[in-house]
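Enquirer: Below is the structure I would like to discuss, written out as structure tokens.
The values are calculated or read from the model by the stated rules, or taken from the named source; none is laboratory data. No experiment lies behind these values; they were computed from the predicted model shown. Ideal geometry is used to build each Cβ from the backbone, glycine not excepted, and the neighbour counts take in all protein chains shown.
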Amino acid sequence: MNSKNENVITLASLDDDQVVIQNEDKNTLMCFIASSPYKLAEEQNYNVELKLFILDDYLVEELGENVQPEIQKKGTGFKYKIVGQLHENKLYSCGFVFIDEVFESDFSYLDGKMISIETDRIDVHFL
């Protein structure tokens, strides 16, 4: 697994602070632009970090080993349910790498396991 926090994405659409990104596997996410040190343009490739933004309690569930990674949008906003493997305090799912400090502080015992987590939004930081 890639040990970096970075994702290489293509900017599929851009609207104020909202962006749709696409990875090499053609998976897409609608994210909130948390930081961008430069002007963004659609159909361009960028290195980014994807951070989970969770307002209340972390809803994390350990799953069986035979569960397939998936990213499921919840409603019309930014909410997602992400199923993936936690590895070295990063969550890998559908070709994306997600980071959150809580993976190390509260959920390190789940390292190497398949988990699901619900997030209020995914923040994208353009590097």
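Enquirer: Residue check, residue 43 against (1) within 20 Å of residue 104 (Cβ to Cβ); (2) of a type in the set (Asp, Glu); (3) touching a Ser or Thr at 6+ places or on another chain (Cβ under 7 Å), all met but one. Which one?
Expert: Residue 43 satisfies all of (1) within 20 Å of residue 104 (Cβ to Cβ); (2) of a type in the set (Asp, Glu); (3) touching a Ser or Thr at 6+ places or on another chain (Cβ under 7 Å) except (1).
Enquirer: Could you check how many residues of segment 100-109 are crowded, with 18+ Cβ neighbours inside 10 Å and either under 21 Å from residue 65 (Cα atoms) or hydroxyl-bearing (Ser, Thr, Tyr) (or both)?
Expert: Filtering segment 100-109 down to residues crowded, with 18+ Cβ neighbours inside 10 Å leaves 100, 103, 107.
Retained after the next criterion (residues that are either under 21 Å from residue 65 (Cα atoms) or hydroxyl-bearing (Ser, Thr, Tyr) (or both)): 103, 107.
Residues that pass the stated criteria total 2.
Enquirer: How many of the residues making up segment 62-76 are loosely packed, with under 12 Cβ neighbours inside 10 Å and within 18 Å of the chain's Cα centre (by Cα)?
Expert: Let us first name the residues in segment 62-76 that are loosely packed, with under 12 Cβ neighbours inside 10 Å, namely 64-66, 68, 72, 75-76.
Then drop every residue that is not within 18 Å of the chain's Cα centre (by Cα), which leaves 68, 72, 75-76.
Qualifying residue count for the region: 4.
Enquirer: Please verify whether residue 117 is over 19 Å from residue 8 (Cα atoms) and part of a strand (DSSP E or B), treating the condition exactly as stated.
Expert: Values: over 19 Å from residue 8 (Cα atoms): yes; part of a strand (DSSP E or B): yes.
Yes; evaluated as a whole, the condition is true for this residue.
Enquirer: To continue, here is another question. Only residues that are in a loop (DSSP other than H, G, I, E, B) and more than 11 Å from the chain's Cα centre (by Cα): list them for segment 98-114, please. Talk me through it step by step, then tell me what you get.
Expert: So the first thing to find is which residues in segment 98-114 are in a loop (DSSP other than H, G, I, E, B), and the list is 100, 106-107, 111-113.
Those that are in a loop (DSSP other than H, G, I, E, B) and more than 11 Å from the chain's Cα centre (by Cα): 106, 107, 111, 112, 113.
Enquirer: Assess whether residue 50 counts as being surrounded by 15 or more Cβ atoms within 10 Å (Cβ to Cβ), in contact with a helix residue (DSSP H, G or I) (Cβ under 7 Å, 6 or more places away or on another chain), of a type in the set (A, V, I, L, M, F, W, C) and modelled with pLDDT of 95 or more. Steps first, answer last, please.
Expert: Working: surrounded by 15 or more Cβ atoms within 10 Å (Cβ to Cβ): yes; in contact with a helix residue (DSSP H, G or I) (Cβ under 7 Å, 6 or more places away or on another chain): no; of a type in the set (A, V, I, L, M, F, W, C): yes; modelled with pLDDT of 95 or more: yes.
No.
Enquirer: Sticking with this structure for a sec: For segment 1-97, list the strands (runs of 3 or more DSSP E) that sit wholly inside it and hold at least 2 residues that are among the β-branched types (Val, Ile, Thr); which are they?
Expert: 6-15, 18-22, 28-35, 80-87
Enquirer: Could you please find all residues in segment 86-127 being without any contact (Cβ under 8 Å) to a residue 24 or more places away in the chain and in contact with a strand residue (DSSP E or B) (Cβ under 8 Å, 6 or more places away or on another chain)?
Expert: Within segment 86-127, the subset without any contact (Cβ under 8 Å) to a residue 24 or more places away in the chain is 89, 101, 103-105, 108-109.
The answer is 89, 103.
Enquirer: Could you list, in sequence order, the residues of segment 50-78 that are charged (D, E, K, R) and closer than 24 Å to residue 109 by Cβ? Step through it out loud before you land on a result.
Expert: Of segment 50-78, the ones charged (D, E, K, R) are 51, 56-57, 61-62, 65, 70, 73-74.
Correct list: 51, 56, 57, 61, 62, 65, 70.
Enquirer: Within segment 36-47, identify whether any single residue is under 18 Å from residue 100 (Cβ atoms) and not basic (Lys, Arg), and answer yes or no.
Expert: No: segment 36-47 contains no residue that is under 18 Å from residue 100 (Cβ atoms) and not basic (Lys, Arg).
Enquirer: Looking only at segment 58-72, count every residue that is of a type in the set (D, E, K, R) and at pLDDT below 95 and tell me the total. Before you say what the answer is, go through the steps one by one.
Expert: Of all residues in segment 58-72, those of a type in the set (D, E, K, R) come to 61-62, 65, 70.
Subsequent filtering for residues that are at pLDDT below 95 retains 65.
The number of residues fulfilling the criteria is 1.
Enquirer: If you don't mind, there's one more thing I want to ask. So, in segment 1-47, of the ones that are of a type in the set (Ser, Thr, Tyr) and within 18 Å of residue 84 (Cβ to Cβ), which residue ends up modelled with the highest pLDDT? Walk me through how you get there before you give the answer.
Expert: Taking segment 1-47 as the starting set, the residues that turn out to be of a type in the set (Ser, Thr, Tyr) are 3, 10, 13, 28, 35-36, 38, 46.
Now drop any that are not within 18 Å of residue 84 (Cβ to Cβ), which leaves 3, 28.
Working: 3: 41, 28: 94.
Within segment 1-47, the match that is modelled with the highest pLDDT is 28.
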